[in-house]
1. Listed residues 219, 242; which is surrounded by fewer than 22 Cβ atoms within 10 Å (Cβ to Cβ), within 14 Å of the chain's Cα centre (by Cα) and within 13 Å of ligand 1 (Cβ to nearest atom)?
2. Quick one: residue 155 ticks every box in (1) surrounded by 20 or more Cβ atoms within 10 Å (Cβ to Cβ); (2) modelled with pLDDT of 95 or more; (3) in contact with a Phe, Trp or Tyr (Cβ under 6 Å, 6 or more places away or on another chain) bar one, so which box is it?
3. In the stretch 97-139, which residue that is β-branched (Val, Ile, Thr) and crowded, with 16+ Cβ neighbours inside 10 Å is nearest to residue 183 (Cα to Cα)?
4. Sort through 173, 160, 197 and tell me the only one that's under 13 Å from the mean Cα position of the chain (by Cα) and touching a residue at least 40 places away in the same chain (Cβ under 8 Å).
5. For residue 173, all conditions in the list (1) small (Gly, Ala, Ser); (2) over 23 Å from residue 274 (Cβ atoms); (3) surrounded by fewer than 20 Cβ atoms within 10 Å (Cβ to Cβ) hold save one; what is the number of the exception?
6. Looking at residue 152, is it within 14 Å of ligand 1 (Cβ to nearest atom) and part of a strand (DSSP E or B)?
7. Tell me which residues, restricted to the stretch 167-185, are away from ligand 1 (no atom under 16 Å from the Cβ), closer than 17 Å to residue 203 by Cα and not hydrophobic (A, V, I, L, M, F, W, C).
Amino acid sequence: MLIKTQADGFIHPLSSEIAPQQVYQERRQVLQGLGLMGLAAMGAPQMAWADTSPRPGQLPPLNARASTQAGAMASEALTPYKDATSYNNFYEFGTDKSDPGRNAHTLKTSPWSLEIEGLVKKPGRMNLEDLLKLSPMEERIYRMRCVEGWSMVLPWVGYSLAELINKVEPLGSAKFVEFVSLADPKTMPYVGSRVLSWPYVEGLRLDEAMHPLTLLTFGMYGEVLPKQNGAPVRLSVPWKYGFKNAKSIVKIRFTDKQPLTAWNKAAANEYGFYSNVNPNVDHPRWSQASERRIGDGGLFAKKQKTLMFNGYEAQVGQLYAGMDLTKNF
Ligand SMILES: Nc1nc2c(c(=O)[nH]1)N[C@H]1C(S)=C(S)[C@@H](COP(=O)(O)O)O[C@H]1N2
Ligand SMILES: [Mo]
């Protein structure tokens, strides 16, 4: 079944129809173990909301117009859930890929609120419960390409960030959006360490933030986001390197100046503001021409070619018309 979204006109298959059977089979076994089978027909994305892990609040069910984009995605297998939750970057919990999965349990995701500030008509604090209700949830299957050379294919759940931005009404002077992650040294053991400056900050140009593909994300694999993946709310910007996807966001600020981001502060020559996936621009210390898909047979798996804009050029290329993307990396 192909579904055409009202909002963006992209045609796309639902994840439950793309997902290799064993992926959902695996989830099914977990749910069976928890005694939760029978709550919904297997295969329906809503199924996995039947999860007993502590939740920040009840997430609404998925909207029927669940969306992602078509093209190459349709043939790609989802990254196994266990890889997506045990191989992470979340430096607040350590710099090793296995650290977030082991340490992020201390993150307190409830109560949670998001502060909206800066150049908007309606600044203020929104609690998570209201944020969850702001717009219908959609499932979107996105590739994620980390700057370190690996990638995943993940079924995210959320709604376009544009929905929230429209609600708070940016002023004409707003040109950029800054995203600030929680920085709580009591629950995040590496906040205070010198690997990055804290809090973790990321940013987008306003038109990038408004693009329908930019997803304000509350879940993945039909469930509430695991803590190591940035619970209770994070970004998913599929055409940019993974580090643009700020996790556990507590503040969104509208500005007239390009935000100074955590990675840009740490190494400006390595991590530019735009950070669009561009296989033609090497990282100063390594090539970006190819990537290793996590879950595909480990370190020995064949690498695959990285695509311009991570494969989303048709949707987002226009945002950068006339820009030199080797200078604006
Ligand atoms: N707050 C915060 N957000 C973050 C990071 C981080 O260290 N802290 N790491 C980024 C990087 S480098 C990547 S690749 C993605 C990884 O997301 P995942 O663990 O859900 O795959 O999160 C990004 N968001
Ligand atoms: Mo990354």
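The values are calculated or read from the model by the stated rules, or taken from the named source; none is laboratory data. This structure is a prediction, so every number in the text was calculated from the model and none was measured. Methodologically, a virtual Cβ is constructed for each residue, glycine included, from the backbone with ideal geometry; neighbour enumeration extends over all protein chains shown.
1. Values: 219 fails: surrounded by fewer than 22 Cβ atoms within 10 Å (Cβ to Cβ).
Answer to the check: 242.
2. So residue 155 meets the others, but not (2).
3. The qualifying residue nearest to residue 183 (Cα to Cα) is 109.
4. Within the list 173, 160, 197, the selection yields 160.
5. Single failed check for residue 173: (2).
6. So residue 152 fits the description; yes.
7. 170, 173, 175 - these are the residues of the stretch 167-185 that are away from ligand 1 (no atom under 16 Å from the Cβ), closer than 17 Å to residue 203 by Cα and not hydrophobic (A, V, I, L, M, F, W, C).
Table: residues versus (1) over 23 Å from residue 262 (Cα atoms); (2) polar (S, T, N, Q); (3) within 16 Å of ligand 2 (Cβ to nearest atom).
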{"site": "112", "(1), (2), (3)": "no, no, no"}
{"site": "119", "(1), (2), (3)": "no, no, no"}
{"site": "127", "(1), (2), (3)": "yes, yes, no"}
{"site": "137", "(1), (2), (3)": "yes, no, no"}
{"site": "140", "(1), (2), (3)": "yes, no, no"}
{"site": "168", "(1), (2), (3)": "yes, no, no"}
{"site": "175", "(1), (2), (3)": "no, no, no"}
{"site": "179", "(1), (2), (3)": "no, no, yes"}
